[in-house]
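Engineer: Sharing a structure, written as structure tokens. Questions coming.
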Amino acid sequence: MSEDCIRLEFDVDSENFASAGMASEAVKTKLKQLGINMQDVRRVAIAMYEGEINMVIHAKGGKATVDIFPHRVDMILADKGPGIADIDLAMKEGYSTAPDNIRALGFGAGMGLPNMKKNTDAMKIDSVQGIGTTIYMTVNLH
Amino acid sequence: MKISKIVEILKAEALTCKDKLSDEVISACAADMMSDVLAFVKDQAVLVTGLCNPQVIRTAEMMDIRCVLLVRGKRPDATILDLAEAKGIVVLCSPHRMYVACGLLYKAGLCGGEDCV
Ligand SMILES: Nc1ncnc2c1ncn2[C@@H]1O[C@H](COP(=O)(O)OP(=O)(O)O)[C@@H](O)[C@H]1O
Ligand SMILES: [Mg+2]
């Protein structure tokens, strides 16, 4: 890790839905402190928050690692959940396996992964069924 | 429009950040699905919603939304209010239902974003 990188690490806990989003909130606060422009801060916040919610609702939590470089932010969201069987299908707008109780909480519309893609400059999903999912995202800073 | 004007029009009650009631807002959005807010909202300052959980405040925070209006008299619990207070988000609660709340605000000149002049 180079000197001009700030690394933030979080355990994303799925016990309590109310606390979901705490990692994203901390990342957003840090980026604002660093004086990153609002548009870029929001793109990181949206991508990270949807990814964090996914770890909570689909994968029983996981780990988030965020590296802030002068010109980009790298996010790695890793979980040991059930994995994603068909990634192309999961990326489709509106596709969701979330149960109704999740929809009643305001999520599970199948917009998360496509919105993560839209708000990042690069995104890669590694997923193995029964082992887990790791999502790599990069947002370039302007 | 000042947030205090929303309070007046909707017979609402301000539950957090009462020092911000004189702040100006020009546009609003309404949704119960937070993913929709995260996917479609641009720079609207007010979120009108029937959903009442901490993720509403977190979503507002991610989108730089400054005021959350809860319709149908929903009363948020302390977790939600503490979070909103910490994030500087004004939480209002109105007895009106979603359709009427939105209609009254629109009629009073609060635009939706794409239609702002
Ligand atoms: N971390 C994950 N682990 C397992 N499955 C996931 C994960 N993230 C997403 N998925 C799968 O991809 C689908 C689409 O995700 P998304 O677009 O965020 O929609 P939603 O979360 O609203 O269902 C989910 O319904 C789920 O089946
Ligand atoms: Mg999702």
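Engineer: Residues of segment B:48-67 losing 50 Å² or more of accessible surface, assembly versus chain alone, probe 1.4 Å, please list them.
Structural biologist: B:Gln55, B:Arg58, B:Glu61, B:Met62, B:Asp64
Engineer: Okay, next question. Considering only DSSP states other than H, G, I, E and B, which GluC sites (Glu not before Pro) in segment B:17-117 qualify as loop sites with at most 15 other Cβ atoms within 10 Å?
Structural biologist: Working: sites: B:Glu24, B:Glu61, B:Glu85, B:Glu114; in loops: B:Glu114.
Here the GluC sites (Glu not before Pro) that fit, given the DSSP loop and packing criteria, are B:Glu114.
Engineer: Using a 1.4 angstrom probe on protein heavy atoms only, which residues from segment A:1-41 are buried by at least 50 Å² of accessible area when all chains are present rather than their own chain alone?
Structural biologist: Buried-area filter returns A:Ala18, A:Glu25, A:Lys28.
Engineer: Here is a further query. What are the lysines whose alpha-carbon lies under 23 Å from the alpha-carbon of A:Lys118, with same-chain residues fewer than 8 places away excluded?
Structural biologist: A:Lys28, A:Lys30, A:Lys32, A:Lys63, A:Lys92, B:Lys42
Engineer: Report the FRET efficiency, 1/(1 + (r/R0)^6), for B:Lys107 and A:Arg72, where r is their Cβ-Cβ distance and R0 is 45 Å, rounded to 0.05.
Structural biologist: Details: r = 45 Å, r/R0 = 1.00.
Approximately 0.50, to the nearest 0.05.
Engineer: Can you tell me the Rg and Dmax of the protein assembly as shown, counting just the alpha carbons, in angstroms?
Structural biologist: 18.4, 55
Engineer: Between A:Thr65 and B:Arg75, what is the spin-label point distance in nm, taking each point 7 Å from the Cα along the Cα→C-beta axis?
Structural biologist: 4.7
Engineer: What distance in nm lies between label points placed 7 Å from Cα along the C-beta direction at A:Glu9 and A:Glu93?
Structural biologist: That separation, rounded to one decimal, is 3.8 nm.
Engineer: Additional query: What Kirkwood radius, in Å to one decimal, follows from the Cα pairs of segment A:76-142?
Structural biologist: Numbers: mean 1/r = 0.0780 Å⁻¹.
For segment A:76-142, the Kirkwood estimate is 12.8 Å.
Engineer: Separate question: Where does the charge balance sit around A:Ala122 when Lys and Arg score +1, Asp and Glu -1, over other residues with C-beta under 10 Å from its C-beta? Could the numbers behind the result be given before it?
Structural biologist: Numbers: positive: A:Arg72, A:Lys117, A:Lys124; negative: A:Asp74, A:Asp121.
Cβ neighbours under 10 Å give a net charge of +1.
Engineer: Right, next: Going Cα to Cα from A:Lys60, which lysines come in below 18 Å? Please leave out same-chain ones fewer than 8 positions away.
Structural biologist: The reachable lysines, counting only those whose Cα sits under 18 Å from A:Lys60, are A:Lys80.
Engineer: Using Cα atoms only, what is the angle between the long axis of helix A:38-59 and the major principal axis of chain A, expressed in degrees (0 to 90) to the nearest 10?
Structural biologist: Once rounded, the angle reads 30 degrees.
Engineer: What is the helix-to-structure angle for A:22-33, meaning the angle in degrees between its Cα long axis and the longest Cα principal axis of chain A, kept from 0 to 90 and rounded to the nearest 10?
Structural biologist: 20
Engineer: Just tell me which lysines come within less than 16 Å, Cα to Cα, of B:Lys107; anything on the same chain fewer than 8 places away is out.
Structural biologist: B:Lys2, B:Lys5, B:Lys11
Engineer: Please work out whether chain B counts as rounded, prolate or oblate from its C-alpha gyration tensor, where a ≥ b ≥ c are the square roots of the eigenvalues and a/c under 1.5 means rounded, while otherwise a/b larger than b/c means prolate and anything else oblate? Spell out each step's value before the answer.
Structural biologist: Details: a/c = 1.33, a/b = 1.15, b/c = 1.16.
Cα axes put chain B in the rounded bin.
The values are calculated or read from the model by the stated rules, or taken from the named source; none is laboratory data. The shown structure was predicted, so the numbers you read here are calculated from the model rather than taken from an experiment. No Cβ is skipped: glycine too gets one built from the backbone with ideal geometry, and neighbour counts run over all protein chains shown. SASA here: full protein model, heavy atoms, side chains in, ligands and nucleic acids out. Shrake-Rupley method; radii C 1.70, N 1.55, O 1.52, S 1.80 Å.
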